[in-house]
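Down below is the structure, laid out as structure tokens.
The values are calculated or read from the model by the stated rules, or taken from the named source; none is laboratory data. This is a predicted model, so every value here is computed, not measured. Cβ atoms come from the backbone with ideal geometry, glycine included; neighbour counts cover every protein chain shown. Each accessible area value is taken on the protein alone, full model and side chains, heavy atoms only, with ligands, DNA and RNA left out. Shrake-Rupley method; radii C 1.70, N 1.55, O 1.52, S 1.80 Å.
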Amino acid sequence: MTDFKLDTALASAAQRRRPVRTVAASGRIYFWQSGSLWIGQGRGRSEWHEHHAHQLALALQGNFRFRADRNGVWTEYTATVVPSHCAHEFELEGASVAHLFVEPESTEGRALSMQFGAGGLAALPVAPARAAAALLREALQGHADAEAMKATARAAVALLAGTAGPVPAS
């Protein structure tokens with residue numbers, strides 16, 4: 001009888017634990033002086049975390065979810081900004097995504113801070129987000145080399161930060 005109670009207690013404790021789902025992804029990473037691009041396809045959930053860089057997340061195919069409250073509801077996005085030091089989790093199920101990380105002290109980072117502040121997760125404006133996602137998708141599908149991918153990523157950041165020319169409506 002004692003063994004049965006111990007087994008039952010262990011099984012009950014295992015059920016109470018939140019399942020850990022790690023992110024499994026494949027893709028490419030590119031770095032430049034004030035930022036980086038992480039682009040590819042993935043599945044799973046990140047750990048609760050924050051980082052110094054602003055994060056711009058764009059769905060190239062599908063969508064993803066974020067939350068900025070550890071016990072809060074998940075919000076689905078196709079394009080979002082995560083301001084510097086905003087704690088969050090990220091989840092996706094087979095989507096193709098581009099994550100652009102931008103140092104807040106850079107020209108584009110300061111522009112993002114002015115545009116979005118530090119209020120937390122926010123959807124990116126539709127027209128520049130679509131334009132940036134299209135640039136990155138085309139570069140990825142066209143097998144652009146590393147220098148072309150970095151130039152495309154920097155152009156996408158400029159579109160999203162508002163430091164590039166006007167964005168055509170789509």
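Points worth noting:
- The residues listed here are Leu121, Leu136; of these, the one that is of a type in the set (A, V, I, L, M), surrounded by 14 or more Cβ atoms within 10 Å (Cβ to Cβ) and at pLDDT 95 or above is Leu136.
- Residue within the range 60-73 that is within 18 Å of Ala153 (Cα to Cα) and open to solvent by 10 Å² or more (accessible area, probe 1.4 Å) present: yes
- Residue match in the range 4-27 (condition: modelled with pLDDT of 90 or more, out of contact with any Cys (no Cβ under 8 Å at 6 or more places or on another chain) and open to solvent by 20 Å² or more (accessible area, probe 1.4 Å)): yes
- Test: residue in the range 153-169 that is modelled with pLDDT under 95 and under 14 Å from the mean Cα position of the chain (by Cα): no
- Failed criterion for Phe31 (all others in (1) at pLDDT below 95; (2) within 23 Å of Val102 (Cβ to Cβ) hold): (1)
- Taken together, Gly142, Gly94, Gly109 contain a single residue that is touching a residue at least 24 places away in the same chain (Cβ under 8 Å), surrounded by fewer than 20 Cβ atoms within 10 Å (Cβ to Cβ) and either of a type outside the set (Val, Ile, Thr) or more than 22 Å from Gly40 (Cα to Cα) (or both), which is Gly94.
- The helices (runs of 4 or more DSSP H) found entirely in the range 83-170 that carry 3 or more residues being farther than 22 Å from Phe64 by Cα are 107-116, 146-161.
- For the range 35-52, a residue qualifies if it is within 19 Å of Pro128 (Cβ to Cβ) and either β-branched (Val, Ile, Thr) or open to solvent by 20 Å² or more (accessible area, probe 1.4 Å) (or both), and exactly one does: Ile39.
- Residue check: Pro128 meets all listed conditions (1) buried (at least 16 other Cβ atoms within 10 Å of the Cβ); (2) in contact with a strand residue (DSSP E or B) (Cβ under 9 Å, 6 or more places away or on another chain); (3) of a type outside the set (Asp, Glu); (4) under 19 Å from Ser36 (Cβ atoms) but one, namely (4).
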